[in-house]
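Novice: First the structure, which I've put down as structure tokens, then a few questions once you've had a look.
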Amino acid sequence: MASVLISGAGPIGLTMANELARYGVSVRIVDKAAARTDKSKALVLWPRTLELLRHGGYVEPFLKAGTVAHGAQLSDGKNIVARVTMDGIDTAYPYALMIAQSETERVLEETLASRGVKVERSVSMESFSEKSTGGIEAVLRKADGKSETVQADWLLGCDGAHSTTRHALGFTFEGSTQDSDWYLADVHVTGLEPTDILHIFWHRDGILAFFPITAGRWRVIADLGPATGTAHHADPTLEEIQAMVAHRGNPGIKLKEPVWLAAFRINERKVKDYCRGRVFLAGDAAHIHSPAGGQGMNTGMQDAFNLAWKLNLVIKGVAKPSLLDSYSTERSAVGEMVLSNAGRMTEAAIARNPVIQSLRNAMVKFALSFPQIGHVMADTLSELNIAYPKSPLSVAGAQHAHGPMPGHRWPEPIAADTGKSRFMAIGPADAVADLVAKFPNLVEPANGAKRADARDLTLVRPDGYVGFAGAASDRAEAEAYLRTIAA
Ligand SMILES: Cc1cc2nc3c(=O)[nH]c(=O)nc-3n(C[C@H](O)[C@H](O)[C@H](O)COP(=O)(O)OP(=O)(O)OC[C@H]3O[C@@H](n4cnc5c(N)ncnc54)[C@H](O)[C@@H]3O)c2cc1C
């Protein structure tokens, strides 16, 4: 019997399976589709996601498969309104890694296979129940129509926007479908320079944006204005997109060899709670929103990084089950924030009123003339400023700490072993040794914390966020913090 059953092998289910497998948790992952997606869909891996993949020991194949974009250029069709650069942000990966979702899924699935776990395809999870004796009983349906009843200790619903798991839990997917239509083209492009940035045209008739995928291949998106009726727009032809590019962008930009042409509408929805009992939701099953900012898949993958170490510690009997309560608290707050940022960006982008457009362009030009505002924007997009300050897992010592505050990201890699989920202790050697001796399965000494402040005692969570931050003298408080977590 697998300890964890994962329904859905999109990018989120695959990340979840990889994280659990590297901790040595037994996992079974099923997907109703016969093959993984061949579509480019989510195109960007942001720096924080890359840091978390490095933490897990599998960032290299992504870096090899992707290309680097250093920033974005906004123009109104005639003049450049603003430039945003990611150069200089505080990370080993100061860029957007452009990589088609089909490639992201390929790398994740191959990494998972190297860890001994194979995705079971054409297997649909039809229903499940939580047993009174603990654990889950789920019914799987295979391609030949036969069903299998399986037992697991935990169920992770990573089954996308139409999640069977979410429906079965009866959770409301609160939000709305926006009443504007969009075109999408994954296509080969010439005449667009430079090729290592995103190009966004804020034309008076609507937005047109280009995102580099691989050499010569770009994602083009354009909004078509308010939807007429409930019927979805038909998929565009290459000629329609080319005409729009000539009108809103630049006639010198030529499109050819389309890979994917589609029309879509934006949904903005989220569940309130991400779990009930032994069942958890992650990724699109829990939150969907505008692709503006390219945060959807990254937010989902970070749901997985957040949950996997907690589940591992509980499964291994190292932590109390109450540790898992923080998953919904932390990730639901992040989901709210991402949803509202993406919504604001979309509204600004699709403004049609000429007065509002001029005001928007002037404000953005003015704001981005201040480097600090550009940095804040880059930190938000890169997801480096995601933090859990209000989480029950974020605790301050009795005395003031000088380094990163509880809930904030520790800015460098400090785990010695990617196969363990332990808190890393940073502080006076005797205090660290004492905590490691008292909680040998929960704490280890940090590996070369160059950014540490000698006046502090800090406990960094296995996902790289500060759990406890106090002064070097706050040993009793650090110990009390760990006692609330330890089984
Ligand atoms: C046209 C389009 C463009 C997009 N562009 C962007 C973008 O630019 N940036 C961005 O961040 N995001 C974008 N997205 C969103 C992004 O693709 C999703 O956020 C991402 O795929 C979410 O991953 P997931 O694993 O949660 O869900 P999914 O990728 O939907 O994967 C869910 C998996 O679960 C499987 N499944 C479903 N039900 C069951 C069941 N009952 N039993 C077993 N398996 C099941 C499905 O077959 C699927 O493989 C785009 C999406 C679309 C459709």
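Coordinate-derived values only; no laboratory data. Remember, it's a predicted structure, so these values are computed and weren't measured experimentally. Reconstructed Cβ throughout: ideal geometry from the backbone, glycine too, with neighbour counts over all protein chains shown.
Novice: State whether the range 382-483 is rounded, prolate or oblate according to the following rule on the C-alpha gyration tensor (a ≥ b ≥ c being the square roots of its eigenvalues): a/c under 1.5 gives rounded; otherwise a/b larger than b/c gives prolate, and the remaining case gives oblate.
Specialist: rounded
Novice: Starting from the amide H of residue 127, placed 1.01 Å from N in the peptide plane, find each other amide H under 5 Å away whose residue is 5 or more places distant or on another chain.
Specialist: For residue 127, the qualifying residues are 139.
Novice: By its C-alpha gyration tensor, with a ≥ b ≥ c as the square roots of the eigenvalues, how is the chain shaped: rounded for a/c under 1.5, else prolate for a/b larger than b/c, else oblate? Display every interim value, and only then the final one.
Specialist: On the way: a/c = 2.01, a/b = 1.34, b/c = 1.51.
Because a/c hits 1.5 or more and a/b fails to exceed b/c, the chain counts as oblate.
Novice: Still on this structure, please answer the following. If amide hydrogens are placed 1.01 Å from N in the peptide plane, which non-local residues have theirs closer than 5 Å to the one on residue 29?
Specialist: For residue 29, the qualifying residues are 6, 120.
Novice: Does the range 1-51 come out rounded, prolate or oblate by the C-alpha gyration tensor, with a ≥ b ≥ c the root eigenvalues, rounded set by a/c under 1.5 and, if not, prolate when a/b is larger than b/c and oblate if not?
Specialist: Details: a/c = 3.73, a/b = 1.26, b/c = 2.96.
Oblate, since a/c reaches 1.5 and b/c is not below a/b.
Novice: If you take the charge dipole of the chain about its Cα centre, with +1 on Lys and Arg Cβ and -1 on Asp and Glu Cβ, which of 385, 133, 13 is farthest toward its positive end?
Specialist: Working it through, the farthest residue towards the positive pole turns out to be 133.
Novice: Pairs 142/310; 32/272; 39/118; 420/450; 316/438; 272/310: which exceed 23 Å Cα-Cα?
Specialist: In this structure, 142/310; 32/272 lie more than 23 Å apart at Cα.
Novice: Can I ask one more? May I ask you to order 475-482, 95-102 by the average number of other C-beta atoms within 10 Å around their residues, highest value first?
Specialist: 95-102, 475-482
Novice: So if I take the centroid of the Cα atoms in the range 92-122 and the same for the range 147-181, what is the distance between those two points in Å?
Specialist: Computed from Cα coordinates, the inter-centre distance equals 22 Å.
Novice: Looking at the chain, do any whole DSSP H helices span at least 27 angstrom along their long axis by alpha carbon and average -0.5 or above on Kyte-Doolittle, and which? Kindly include the intermediate steps, with their values, before the conclusion.
Specialist: Working: long enough: 296-315 (28 Å, 0.32); 325-350 (38 Å, -0.21).
Helix filter hits for the chain: 296-315, 325-350.
Novice: For a protection proxy built on the mean count of beta-carbon atoms within 10 angstrom, sort 41-50, 189-198 highest first, please.
Specialist: Result, highest mean first: 41-50, 189-198.
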